[in-house]
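Here's the structure we're looking at; comments come further down.
The values are calculated or read from the model by the stated rules, or taken from the named source; none is laboratory data. Computed from a predicted model, the values in this text were never measured in an experiment. Glycine also receives a Cβ, built like all others from the backbone with ideal geometry; neighbour counts cover every protein chain displayed. Areas reflect the complete protein model, heavy atoms only, side chains present, ligands, DNA and RNA absent. Shrake-Rupley method; radii C 1.70, N 1.55, O 1.52, S 1.80 Å.
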Amino acid sequence: MALAILARRRAADALLRRPLGAAGASALRASYAAVAGEESDVVVVGGGPGGYVAAIKAAQLGLKTTCIEKRGTLGGTCLNVGCIPSKALLHSSHMYNEAKSSFAHHGVKFSNLEVDLPAMMAQKDKAVAGLTKGIEGLFKKNKVTYVKGFGKLASPSEVSVDLSDGGSTVVKGKNIIIATGSDVKSLPGVTIDEKKIVSSTGALCLSEIPKKLVVIGAGYIGLEMGSVWNRLGSEVTVVEFAPDIVPSMDGEVRKQFQRMLEKQKMKFMLKTKVVGVDTSGDGVKLTLEPAAGGEQSVIEADIVLVSAGRVPYTAGIGLESVGVETDKAGRILVDKRFMTNVKGVYAIGDAIPGPMLAHKAEEDGVACVEFIAGKEGHVDYDTVPGVVYTHPEVASVGKTEEQVKALGISYRVGKFPLLANSRAKAIDDAEGLVKVVAEKETDKILGVHIMAPGAGEIIHEAVLALQYGASSEDIARTCHAHPTVSEALKEACLQTFTKAIHI
């Protein structure tokens, strides 16, 4: 019996990896029907970073696992239209910008520099395709059944699936994990058509470089995509309702970050709201007004990017039909074991409260299936790092100085400028700083904030320190290779508990 089931699964996997004609689609549906007759230990609804990682981990723990994904390619928003393609374009555009503005200072000169946008997009698409296929390979390796289609809860132990190739099936599971992720947050009166008014998805595949780009929203995504097109030649204006960019960022670091972006010729209109949109002409006209009310103005753009945040993708997936509770924002409520109020139904990632980050979703997924398997799982949201992948990058973990002050905790701050870091000076990339916030009495590190090239890599030393309750002295007394930008973290820690050497 077990061999027969395995044979049916292998047949389904084989069909998923080749183009389907009518006969192939029919065979695939037959294979799904056979799988539907079985009961999985774990059924994961959603194949994004949280979902596919949960599925693989569940299989590794010996649980019979099925993953349902509506997109038709695994990796979710992150891999298909988010983290990965945006980082590809950020890197490509940075290379172009370096060639245009910095190479001559290093003795590298050439003429006829130009952007080949189709080639840039092709490189991005190649990276995405390779990684999505890689996850399918991991599913095959770990014997995870992959069902392509839109899944919704039919009962606490059943998921009804509208198959991508037509027809439907029901997948049964002892435990169901909702990992449906999130979607772009819309703004009243601003209709995204992915032509003139685009979401981050549309901003990743523009066919030409816009002369004028307006970004609505000064969060991580808006600033990253604004940076891409700014480097490639667009005149970029960022409109933000709040008084600051990236409100979650440490205030001192935020101010330096904004100055750096302005130095790169990005413009900011803070405390400003969009009250009207006109797309009747060739471009877009936005009517703006101060957030507190007042005189209106009009700004024109070829493309408008709406980047006002994300919302959980939890509507229309059958939660109400089985009684799963959500909050006012649509986030699924779970306990410390990621179980909802309905026994056997779990939720992870962007669909539940907490940071809307791919790496947080992955950790949720691992911990959730560990609980299901009878083990212990743990995710500490206070040690989840955040990174803005501009140049320089901005990375942080733990509490900001403002948060520590609001909690009434006595603290010390240590800062170290990259201008005093030998590696940063040697490579002529010394804009930024490292800031460490530590409890005054115990010297325990409470937060670390870095603006530097490669900050997204350096931050993990601080993540580990917070995870294990380290002091600033612990990092300061740890030998760091020289010359490295990472030495700036060591020096900031020295400055926190005693005094830095190189300032």
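Which residues, taken from the range 306-362, are at positive phi and in a loop (DSSP other than H, G, I, E, B)? Lay out the reasoning, then the answer.
As a first pass, look at the range 306-362 and keep what is at positive phi: 309, 316, 318, 323, 330, 338, 344, 349, 354.
Correct list: G309, G316, G318, G323, G330, F338, G344, G354.
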Inset, instruction - Quick one: A122 ticks every box in (1) open to solvent by 30 Å² or more (accessible area, probe 1.4 Å); (2) among the small types (G, A, S); (3) in contact with a Lys or Arg (Cβ under 6 Å, 6 or more places away or on another chain) except a single one, so which number is it? - result: (3)
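Yes or no, residue by residue, for (1) under 30 Å from C368 (Cα atoms); (2) open to solvent by 20 Å² or more (accessible area, probe 1.4 Å); (3) out of contact with any strand residue (DSSP E or B) (no Cβ under 9 Å at 6 or more places or on another chain):
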{"position": "V171", "(1), (2), (3)": "yes, no, no"}
{"position": "I178", "(1), (2), (3)": "yes, no, no"}
{"position": "S207", "(1), (2), (3)": "no, yes, yes"}
{"position": "V214", "(1), (2), (3)": "no, no, no"}
{"position": "G233", "(1), (2), (3)": "no, yes, yes"}
Inset, instruction - Residue by residue through the range 206-255, note down the ones that are among the β-branched types (V, I, T) and in contact with a helix residue (DSSP H, G or I) (Cβ under 8 Å, 6 or more places away or on another chain). - result: I209, V215, I216, I221, V228, V236, V238, I245, V246
Legend entry - Given (1) touching a residue at least 40 places away in the same chain (Cβ under 8 Å); (2) over 30 Å from K375 (Cβ atoms); (3) open to solvent by 50 Å² or more (accessible area, probe 1.4 Å); (4) not acidic (D, E), number of the condition V304 does not satisfy: (3)
Inset, instruction - Determine if the range 66-75 includes at least one residue that is surrounded by fewer than 21 Cβ atoms within 10 Å (Cβ to Cβ), of a type in the set (D, E) and at pLDDT 95 or above. - result: no
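If you take just the strands (runs of 3 or more DSSP E) that sit entirely in the range 174-278, which of them hold at least 2 residues that are within 30 Å of K343 (Cβ to Cβ)? Quick ask: steps written out before the conclusion?
Values: elements: 182-184, 212-216, 235-239, 267-269, 272-278.
Hits in the range 174-278: 182-184.
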Legend entry - Complete set of residues in the range 61-86 that are assigned to a helix (DSSP H, G or I) and within 17 Å of A361 (Cβ to Cβ): G76, T77, C78, L79, N80, V81, C83, I84, S86
Inset, instruction - Answer with yes or no whether I299 is open to solvent by less than 20 Å² (accessible area, probe 1.4 Å), in contact (Cβ under 8 Å) with a residue 40 or more places away in the chain and not in a helix (DSSP H, G or I). - result: no
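Output the residues belonging to the range 383-428 that are part of a strand (DSSP E or B) and within 19 Å of H91 (Cα to Cα). Spell out how you get there, then give the answer.
Initially, the range 383-428 is screened for residues part of a strand (DSSP E or B), giving 386-388, 393-398, 411-417.
Result: G386, V387, V388, E393, V394, A395.
Identify the residue in the range 126-152 that is open to solvent by 40 Å² or more (accessible area, probe 1.4 Å) and of a type in the set (D, E, K, R) and, among all such residues, is nearest to V171 (Cα to Cα). Explain how you work it out, then say what you get.
Residues of the range 126-152 open to solvent by 40 Å² or more (accessible area, probe 1.4 Å): 126, 129-131, 133, 138, 140-141, 143, 150, 152.
If we keep only those that are of a type in the set (D, E, K, R) too, we end up with 126, 133, 140-141, 143, 152.
Working: K126: 32, K133: 23, K140: 19, K141: 21, K143: 16, K152: 10 Å.
Among residues in the range 126-152 that are open to solvent by 40 Å² or more (accessible area, probe 1.4 Å) and of a type in the set (D, E, K, R), the one nearest to V171 (Cα to Cα) is K152.
Do you know which residues across the range 475-493 are among the hydrophobic types (A, V, I, L, M, F, W, C), crowded, with 16+ Cβ neighbours inside 10 Å and outside any helix (DSSP H, G or I)? Full working, then the answer.
Going residue by residue through the range 475-493, those that are among the hydrophobic types (A, V, I, L, M, F, W, C) are 475-476, 479, 481, 485, 488-489, 492-493.
After this cut, where a residue has to be crowded, with 16+ Cβ neighbours inside 10 Å as well, the list is 475-476, 485, 488-489, 492-493.
Within the range 475-493, V485 is the sole residue that qualifies.
Every residue in the range 326-369 that is of a type in the set (D, E), surrounded by fewer than 20 Cβ atoms within 10 Å (Cβ to Cβ) and either under 15 Å from Y381 (Cβ atoms) or at pLDDT below 95 (or both), please.
Quick first cut of the range 326-369, residues of a type in the set (D, E) only: 327, 335, 350, 362-364.
If we keep only those that are surrounded by fewer than 20 Cβ atoms within 10 Å (Cβ to Cβ) as well, we get 327, 335.
Within the range 326-369, D335 is the sole residue that qualifies.
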Inset, instruction - Kindly check whether there is at least one residue in the range 118-140 that is in the same structural domain as G349 (by the TED database), in contact with a strand residue (DSSP E or B) (Cβ under 8 Å, 6 or more places away or on another chain) and part of a helix (DSSP H, G or I). - result: yes
Legend entry - Selection within the range 265-292 - over 22 Å from V198 (Cβ atoms) and either modelled with pLDDT under 95 or of a type in the set (D, E) (or both): E289
Legend entry - Filter result for Q467 (open to solvent by 20 Å² or more (accessible area, probe 1.4 Å), within 14 Å of K435 (Cβ to Cβ) and in contact (Cβ under 8 Å) with a residue 24 or more places away in the chain): no
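For the range 85-113, how many residues are open to solvent by 50 Å² or more (accessible area, probe 1.4 Å) and either in the same structural domain as M225 (by the TED database) or polar (S, T, N, Q) (or both)?
To start, the set of residues in the range 85-113 that are open to solvent by 50 Å² or more (accessible area, probe 1.4 Å) comprises 87, 91, 95, 98, 100-101, 103-113.
Subsequent filtering for residues that are either in the same structural domain as M225 (by the TED database) or polar (S, T, N, Q) (or both) retains 101, 111-112.
Here the count works out to 3.
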Inset, instruction - Please enumerate the residues belonging to the range 204-225 that are closer than 22 Å to E98 by Cα and either of a type in the set (S, T, N, Q) or in contact with a Ser or Thr (Cβ under 8 Å, 6 or more places away or on another chain) (or both). - result: L204, I209, P210, K211, K212, L213, I221, G222, L223, E224, M225
Inset, instruction - Give the residue that is surrounded by the fewest Cβ atoms within 10 Å (Cβ to Cβ), with candidates limited to residues of the range 244-286 that are touching a strand residue (DSSP E or B) at 6+ places or on another chain (Cβ under 9 Å), over 13 Å from V298 (Cα atoms) and basic (K, R). - result: K265
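Listed residues A58, A54; which is out of contact with any Ser or Thr (no Cβ under 6 Å at 6 or more places or on another chain), assigned to a helix (DSSP H, G or I), closer than 15 Å to N142 by Cα and of a type in the set (G, A, S)? Full working, then the answer.
Details: A58 fails: out of contact with any Ser or Thr (no Cβ under 6 Å at 6 or more places or on another chain).
Result of the check over A58, A54: A54.
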Inset, instruction - Only residues that are under 27 Å from F257 (Cα atoms) and touching a Leu at 6+ places or on another chain (Cβ under 7 Å): list them for the range 367-385, please. - result: T383, V384
Legend entry - Hey, K444 under 23 Å from P355 (Cβ atoms), basic (K, R) and touching a Ser or Thr at 6+ places or on another chain (Cβ under 9 Å) or not: yes
Inset, instruction - Scan E402, E376, E393 and give me the residue that is among the charged types (D, E, K, R) and crowded, with 20+ Cβ neighbours inside 10 Å. - result: E393
Inset, instruction - Specify which of the listed residues (T496, T478, T484) is within 20 Å of G251 (Cα to Cα) and either more than 29 Å from the chain's Cα centre (by Cα) or outside the structural domain of R259 (by the TED database) (or both). - result: T496
